[in-house]
Structures are given as structure tokens and as C-alpha cells.
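Novice: Before I ask anything, here is the structure I am working with.
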Amino acid sequence: MRLSTKHLLGIKELSAEDISLILSTAQQFKEVLQRPVKKVPSLRDVTIVNLFYENSTRTRISFELAEKRLGADTINFSASASSVSKGETLLDTVNNILSMKVDMVVMRHSASGAPHFLAKHLPETAIVNAGDGINEHPTQALLDAFSITEKLGSLEGKKILLIGDIMHSRVALSNIYLLNKMGAQVMLSGPPTLIPPNIKEAMGVQVEYNLKKALQWCDVANVLRIQLERQNQVLFSSLREYNLSYGVTKKLLAEVDKDIVVMHPGPINRGVEIDSDVADSHQSIILQQVENGVAVRMAVLYLLAGKANNN
């Protein structure tokens with residue numbers, strides 16, 4: 001089997017079958033990562049450029065590690081240390097890189113749609129979206145789905161709550177697309193100013209502004225970071241007020257009479273959207289998400305390189 005698309009630009013473009021294939025392939029790679037020798041030479045003839053125009057820690061390291069585990073040749077590009085700072089355009093940069101015979105580009109950019117722009121102009125090169133503006137972050141949604149499936153057995157029928165800054169979160173959008181495609185129920189909770197007013201009808205999700213009621217409903221709570229760097233106006237009174245109303249605390253979880261799974265895509269603002277004693281508790285699978293990210297990204301790179309049909 002192989003993916004129905006040459007690129008991973010977003011979950012929106014994937015079918016349920018694509019998602020299932022990525023998750024099942026990731027399971028195989030996770031088993032590889034448990035071995036003493038964690039490398040497989042699947043992509044030893046593939047050259048991948050990591051093109052990061054935005055700061056990143058977990059996502060970048062996760063992709064780099066996935067590439068190394070697969071035996072790919074990698075080139076790491078940072079906009080701040082490149083000719084971009086001298087005025088070079090995105091297309092100029094990529095054309096220069098591709099003249100070196102690159103097979104795949106993993107791209108993070110602050111502009112929504114930047115990976116789609118690359119795919120349009122560079123149809124022969126596989127493009128992987130590692131986060132574009134406030135649009136999508138597909139590999140995060142895939143690793144979240146993998147982590148939920150690992151914990152609960154499946155996605156179908158599960159009640160997944162996304163908490164926080166929905167309006168500015170590319171993680172939220174990719175998760176909503178994926179969970180809807182895979183038969184999960186989705187609810188959003190957060191300040192009204194951080195939830196798009198028409199999202200309930202547009203995306204087929206539930207909205208509950210009372211966090212305690214929302215937690216009572218869900219099987220899994222995926223807590224999102226407040227995207228202060230993307231907010232161009234004041235959307236809530238203070239971080240302390242936010243924590244009092246929408247912070248996931250040990251006290252709040254104790255009032256909910258069920259043992260829910262707690263997730264967070266990172267980076268965590270401890271004491272704001274989630275307290276340390278929750279992030280580090282037995283209910284949290286945050287570190288498992290980080291671990292699973294490598295296996296999921298290995299699966300994405302392997303499938304997009306077209307290697308599944310060759311083995």
C-alpha cells in the first residue's frame with residue numbers, strides 16, 4: 001500500500017485510509033526503535049532538507065532523528081543563518097537547495113500555505129508540512145492519534161477534548177480534521193475569544209465553555225499552549241485569570257469522577273494552561289507523545305519516499 005498523495009501538506013488532504021496506513025507503519029517503526037540497534041537503511045539513497053523558518057525544538061529534533069534512524073542524508077537549514085536574512089525569496093532558497101538534487105523538504109514556516117506554495121512550484125519533490133502559520137501541523141495530529149490509539153485501542157467513538165487557544169492553533173485544526181475522519185467525537189473548550197465563532201457548524205465539533213463540564217464529558221483532554229506570539233490583541237485579562245478559568249489543575253481533575261488521559265503538544269507553559277502536578281501525573285501521556293513522534297515521522301518519510309512498494 002502507499003499514500004494517495006505525494007506530499008503531506010495537511011490532514012485535510014489525507015483520506016482515512018492514508019491515516020490508518022501511516023499509523024500502522026508507525027507501529028512497525030516503534031518496534032524498530034525498541035531494538036538495541038535502532039537504525040534501518042530504508043532511506044539511505046534519499047536526501048532530505050529540513051527547512052525551518054520558525055523556531056522549533058521538539059519537531060525539528062524529532063524529524064532529524066527520524067531521518068537518521070532511516071539512514072537518509074540530511075541538510076539542516078535555518079532561516080536566521082541563511083541568505084533569507086539578506087532578502088532571498090522562499091522560491092529562490094528552495095531552487096538553490098534543489099539544484100543539489102534533494103528528494104524531500106520538511107518545512108516549517110510562519111506563513112499559512114507556504115508548504116502548498118512549494119508543492120505547486122516543485123511538484124517532483126515531496127513536501128512535508130512541519131507547521132505552517134495558523135493552518136496545520138499534520139505530523140503532530142498523527143502522533144497525537146497514534147498516542148491515543150496506543151492508550152485506548154482506537155479512535156472511533158472516543159471523546160476527545162481540545163482545550164485552549166483554538167483560534168491560533170494549527171495543532172487544533174489538524175487534530176479536528178483527523179479525529180473527524182477517524183470517527184472520534186470532538187469538543188472544544190476555552191475562552192470565547194479564543195474559539196472561532198462559527199467553528200461548531202463549519203467543523204462539526206461541540207463547544208463547551210465550562211471546562212469542568214467538558215472534562216466530565218471527555219475520554220482524552222489535549223491541552224493546547226496559549227499562542228501569545230500569534231495574538232495581535234488582548235484576548236483574555238491575564239495568564240493568572242486564564243489559569244483560574246481554563247487551567248487543567250490537579251484539583252479540577254479530582255472533581256471529575258473519571259480517569260481521563262491528559263495530552264499536550266508542547267511546549268508546556270506550566271502554571272498557565274496546565275499545572276506541573278498534572279503534566280507529570282500518571283494520567284499524562286505527554287512524554288509518550290514525544291517518543292511516538294519519531295516513529296510517526298519515520299512512517300511519513302518512508303511512505304512519501306515511496307519505499308513501501310519496494311520492500
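Novice: Determine the percent antiparallel among the DSSP beta bridges restricted to the chain, to the nearest 5. Don't jump to the answer; show the numbers that get you there.
Specialist: Working: 1 of 35 bridges.
Bridges in the chain are about 5 percent antiparallel.
Novice: Which Cα, out of Ser154, Ile285, Leu224, lies furthest along the positive dipole direction of region 138-285 (beta carbon charges, K/R +1, D/E -1)?
Specialist: My answer, from the dipole projection, is Leu224.
Novice: Once you place label points 7 Å from the Cα toward the Cβ at Met100 and Leu244, how far apart are they in nm?
Specialist: Roughly 5.3 nm, to one decimal.
Novice: Determine, for each peptide in 278-286, 35-43, 191-199, the mean count of other beta carbons within 10 angstrom over its residues, then list the peptides with the highest first. Intermediate results must be reported in sequence, preceding the final value.
Specialist: Numbers: 278-286: 16.8, 35-43: 12.9, 191-199: 15.1.
Most protected by this proxy first, the peptides run 278-286, 191-199, 35-43.
Novice: Per-residue counts of other Cβ atoms within 10 Å, averaged by peptide: what ranking do you get for 259-265, 52-58, highest first? Before the final figure, lay out the partial values.
Specialist: Numbers: 259-265: 20.9, 52-58: 16.0.
Packing proxy ranking, top to bottom: 259-265, 52-58.
Novice: Return, ordered by residue number, the residues of region 161-181 whose backbone nitrogen is under 17 Å from a label point located 7 Å along Cα→Cβ of Asn55.
Specialist: none
Novice: Still on this structure, I have one more. Could you give the dipole magnitude of the chain about its Cα centre, charging the beta-carbon of Lys and Arg +1 and that of Asp and Glu -1, in debye to the nearest 20?
Specialist: On the way: 33 positive and 32 negative charges, 79 e Å.
It works out to roughly 380 debye.
Novice: What distance in nm separates the simple spin-label points at Ala111 and Gln216, each placed 7 Å from Cα in the Cβ direction?
Specialist: Taking the simple label geometry, Ala111 and Gln216 are separated by 4.8 nm.
Novice: Sequence-distant or interchain residues sharing an amide H contact under 5 Å with Ala111, placed H: which?
Specialist: Distant-sequence amide H within range of Ala111: Gly133.
Novice: Another question, if that's okay. Within the chain, which complete DSSP H helices have Cα atoms spanning at least 24 Å along the helix axis and a mean Kyte-Doolittle hydropathy of -0.5 or higher?
Specialist: Details: long enough: 16-33 (25 Å, 0.41); 286-304 (27 Å, 1.15).
Going by DSSP H runs, the hits are 16-33, 286-304.
Novice: Okay, helix-only estimate at 222 nm for the chain: each DSSP H run of n ≥ 4 adds -39500 (n - 2.57), divide by all residues, round to 500 deg cm²/dmol; what do you get?
Specialist: Numbers: 12 runs with 123 residues, N = 311.
The helix-only estimate for the chain comes to -11500 deg cm²/dmol at 222 nm.
Novice: Could I ask something else about it? In what sequence, highest mean first, do 205-216, 99-110 appear when ranked by Cβ atoms within 10 angstrom?
Specialist: Values: 205-216: 16.7, 99-110: 18.6.
Result, highest mean first: 99-110, 205-216.
Bear in mind that the values in this text are calculations on the coordinates, not laboratory data. Everything quoted here is computed from the prediction, not taken from an experiment. When we count neighbours, we look across all protein chains shown, and the Cβ atoms used for this are built from the backbone with ideal geometry, even at glycine.
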